[in-house]
Amino acid sequence: PHGRELTVVPQGGSTAHSIVLIPGDDQTVDGLPVQVWQASEAAGADGAPEVSLNQLLSMTGGRLPVGLAAGRTPGPFQGQWSTITEYTVLARGDCVVSAHATSNRTAILTGGGLTGAKTVSLGGLTTDWSTSAADDHSTAAEIVASDRNRGERQLWNVWLPLVIAGFALACALSAIASVRVDRRQTDERKSIEGESHRPGSVPVS
């Protein structure tokens, strides 16, 4: 259903941030079927109104965005910033198997040698996060084991007593049928003996 929430508390912080999630596609983690929950959130303008070429380099891990060059577009640039953070949660029921937040920061740059406005992608934020792959695999394995144990308990607690009860009922019906056959055979034998001892009757040997 709609309206599930992801609550994020920064490490070392005390302020919780809640994000409303909507259902996405189904996926599997180590063979475990999971439901995908997603949300997009605008982080707003988080950059300075003016940015140098070196600052852009540091934001992109040392690689200049396409269309910028130190000799041709030395900067500084005027920037209009925008950041969208995508939240993705993989869950089995109420149990979170995996989760991550991935941001995409863009800037519309002008000036600094540019002949017009240019939109560049500057990667994610340092606040992006994700659960570890080891924890994801471990959680999926625990859920699989729990489901298997639940199935075995259901077998012993529900299905096995039903099988035993069915077997007991079959035995009871078989015994009733056997008693009826024996009684019918006894009645038939008594009837034959009565006929043989009736006056005027000749015993048949």
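What follows is calculated from the coordinates using simple rules that are stated; it is not laboratory data. The model shown is predicted, which means the values in this text are computed figures rather than measured ones. We place every Cβ from the backbone using ideal geometry, glycine too, and count neighbours over all the protein chains shown.
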**Request:** Run through all the Cα pairs of region 86-136 and give the fraction in each 10 Å bin from 0, expressed as whole percent.
**Result:** 21, 32, 21, 15, 9, 1
**Prompt:** So what are the radius of gyration and Dmax for the Cα set of region 4-131, in Å?
**Reply:** 18.4, 56
**Fill in**
Charge dipole of region 1-102 built from unit charges on the beta carbon (Lys, Arg +1; Asp, Glu -1), centred at mean Cα; most positive-end Cα among Leu56, Thr7, Ala39 is Leu56
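Could you work out the equivalent-ellipsoid semi-axes for region 1-69, taking the square root of 5 times each eigenvalue of the Cα gyration tensor, largest first, in whole Å? Each step should come with its number before you reach the end.
Values: eigenvalues 241, 75, 33 Å².
Output for region 1-69: semi-axes of 35, 19, 13 Å.
What is the magnitude of the charge dipole of region 4-131 about its Cα centre, with +1 placed on the Cβ of each Lys and Arg, -1 on the Cβ of each Asp and Glu, and no other charges, expressed in debye to the nearest 20?
About 540 debye.
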